[in-house]
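Below is one structure, written out as structure tokens; the observations come after it.
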Amino acid sequence: MCGIVGFLDKTSNEGTTVGQTILKMLTALEVRGPDSAGVALFGPPENSGFVVRVKLGEHGDFEEKGTFIAKRVQEFGSVGEVKTTAEYLRFVIDLRGEPTSLASFIESLEDGIEVVSMGRMLEVVKQVGSPQNLEATYGVSAFLGTHGLGHTRLSTESRVDLSHSQPFWAHGYPDLAIVHNGHITNYHKMRRRYEQHGVKFYTENDSEIIGVYLAERLSQGLTLRETLDASLIDLDGSFSYLVATPDAIGFAKDPFAFKPLLFTETDTFVAVATEEIAIRSAFDGAYEVREAQAKDVRIWQR
């Protein structure tokens, strides 16, 4: 019952109001997911390093925690643009070393701390509540960029909190995010296999496995198209999911086509959503909206 959306600007304009567009699409799908809302937005490349967003736990003095973390990570590189808003710390770091090492270090500082996103372009913001709550707290409509994803969640099997909300960043793999509607029925089997190889999971949400899976396949040298094609074989269940990388968005729909997904492409943009109303709410004009079919995989490059 969750709602998922995706948008890509095709005009090579890095100053597109991608946050505003994703917010409009999400608001149209709010009734599909009243529990939480989130966005994964891709802005202009951060020349000075990586943008890191950190969940500071559920209790305590968030400003104090944010200041403490910003000081401690200086051993990994020069830190700037430090800001704490609600339970999030955001900073930019000229990273020396591997992203996985930085993420592990941050999360070792205190229980409940989690790196929610990391990348030269990607920023994930999510929280419990409606898209309007997300906008009121974080002002996502002001975000300028090139493409992004959004999600509204109705929880059916796991907790309602920030960590279980979507989008999911593929932990350890910069600039890769997913949103998902459906169920991955071989989730527990796949999770056990990954955990045996040292992969850490942050939730009981089956959607998290998709980001882990995609990151593994891409790290093995597969293209994004090959990875999405392989997922239709390796992931069981009823699902539609969207993925975004620094220069592309794409989707995969399960062999049974149980979960709805529609899309449109014009000369200037691509939009994908669970329902047509989300696309029409964000984009005026005449264009055709098509429904994705069973086993459908599509990718759009910038």
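Where a number appears in this text, it was derived from the coordinates with a stated rule and is not lab data. Given the structure is predicted, the values throughout are model-derived calculations rather than measurements. Note that we place each Cβ from the backbone using ideal geometry, even for glycine, and neighbour counts take in every protein chain shown.
Summary of computed values
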| read-out | value |
| --- | --- |
| Selection from 47, 215, 141 lying farthest towards where the dipole of the chain points positive, charges on Cβ | 215 |
| GNM top mover of 67, 152, 264 - the chain, alpha-carbon springs below 10 Å | 67 |
| Ascending count of other beta-carbon atoms within 10 Å, so fewest first, for 236, 111 | 111, 236 |
| Packing-based exposure ordering (other Cβ within 10 Å, fewest first) of 202, 187 | 202, 187 |
| Net +/- balance of residues flanking residue 105 in space, Cβ distance below 12 Å, scoring K and R +1, D and E -1 | -3 |
| Likely footprinting exposure, 184, 4, 106, fewest C-beta neighbours within 10 Å first | 106, 184, 4 |
| Computed over region 10-160: relative contact order in percent, which uses C-alpha pairs under 8 Å that are six or more apart | 46 percent |
| Rounded to the nearest 20 debye, dipole of region 46-120 from Cβ charges on Lys, Arg, Asp, Glu | 280 debye |
| Pairs of lysines in the chain (C-alpha under 14 Å apart; 8 or more residues apart or interchain) | 7 |
| Three-way shape call for region 1-133 based on the alpha-carbon gyration tensor, with the a/c threshold at 1.5 | oblate |
| Rounded, prolate or oblate (a/c below 1.5 giving rounded, otherwise prolate when a/b exceeds b/c) for region 46-120 by Cα gyration tensor | prolate |
